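> I have a structure I would like to understand better, so I am pasting it below and will then ask my questions one at a time.
Every read-out reported here was derived from the displayed coordinates using simple, explicitly stated rules and does not represent laboratory data. It should be emphasised that the depicted structure is a prediction, and the values quoted were computed from it without experimental measurement. Virtual Cβ from ideal backbone geometry, glycine too; neighbours counted across all protein chains shown.
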Amino acid sequence: MNPATNLIDTVTAILLITNLMLLGSGYLTSCIRYAALQGLAVGLLPLLLHAQGSWGRAAALAAAGMILKGVVFPIVLTRILRDINVRREVEPFVGYGTSVMAGVGMLAFSMWLTRRLSLSAVPESALIMPAGFATVLIGLFLIVSRRKAVTQVLGYIVMENGIYAFGTALAGGVPLLVELGVLLDAFVAVFIMSIAIYHISREFDHIDVDQLDRLQG
């Protein structure tokens, strides 16, 4: 087996394991660490999948992805947690055990779906596409099933990681500026959401999004 394929499979395994750990953990600091590990792993994919075509382009994209997803985002969210003094996701809409089972179901569905797609480009690893699609679904699930705004930001990051993994596995000729633009969009979104979380906490002494409906009327 190609050594690059082994490394891609390792990244895929990290992607799936961190997804399940995010679904099963209520400690926000741990969740941020899992998301950082996932971001570092996903950031390696351009080097593993496209380095033979343009090493400089792949290295630039990998460096940008790893810095943003594995360093900048976790630092921003950790500082937000420190400022708002929140440690756990209390009473999520969906329990942690049920969330893990739902994550396994999403992975099974993703494997079933990707086998039926007609693709012009075939990735080096057969697991990276279902793992990427499952990560998108799990990110969406985190957004809708958790109460804390911090966890919902993590869900957005996870969803973006899945889109990044899925797109990187398929795309071969997307210009570097376009790909860096996607990363910049993700950075701006996380930055704005983090500022919003901080101000919500200062005004209302909580970051439970389900309580914000009381502001209506």
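> What order do you get for Phe93, Phe73, Phe109, Phe141 when you list them from fewest to most C-beta neighbours inside 10 Å? Don't jump to the answer; show the numbers that get you there.
Numbers: Phe93 10, Phe73 25, Phe109 14, Phe141 21.
Starting with the residue having the fewest Cβ neighbours, the order is Phe93, Phe109, Phe141, Phe73.
> I need Tyr164, Tyr27, Tyr156 ordered by Cβ neighbour count within 10 Å, fewest first. It would help to have the intermediate numbers written out before the result.
Values: Tyr164 25, Tyr27 12, Tyr156 18.
Going from least to most buried by this count: Tyr27, Tyr156, Tyr164.
> Search the structure for amide H atoms under 5 Å from the amide H of Arg88, placed 1.01 Å from N in the peptide plane, and list their residues when 5 or more places away or on another chain.
Those qualifying (amide H under 5 Å, at least 5 residues apart or on another chain) are Leu28.
> Please identify which residues in the stretch 6-30 have an amide N closer than 15 Å to a label point set 7 Å out from the Cα of Thr78, following the Cα→Cβ vector.
28-30
> Right, here's the next one. Grab the Cα-Cα distance for Ile67 and Arg115, subtract it from 0.36 nm times how many residues apart they are, and report the gain in nm with one decimal.
On the way: separation 48, 0.36 × 48 = 17.28 nm, distance 3.26 nm.
Value of the extension gain: 14.0 nm.
> Based on the Cα gyration tensor of the stretch 17-98, what are the three equivalent ellipsoid semi-axes, each the root of five times an eigenvalue, rounded to whole Å and given largest first? Before the final figure, lay out the partial values.
Working: eigenvalues 188, 50, 8 Å².
Listed largest to smallest, the semi-axes of the stretch 17-98 are 31, 16, 6 Å.
> For Asp9, Asp83, what's the fewest-to-most ordering of other Cβ within 10 Å of each Cβ? Walk me through the numbers on the way to the answer.
Details: Asp9 18, Asp83 13.
Lowest to highest Cβ neighbour count: Asp83, Asp9.
> If I take R0 = 45 Å and measure r between the Cβ atoms of Ala60 and Asn85 in this structure, what FRET efficiency does the formula 1/(1 + (r/R0)^6) give, to the nearest 0.05?
Details: r = 38 Å, r/R0 = 0.85.
Calculated transfer efficiency: 0.75.
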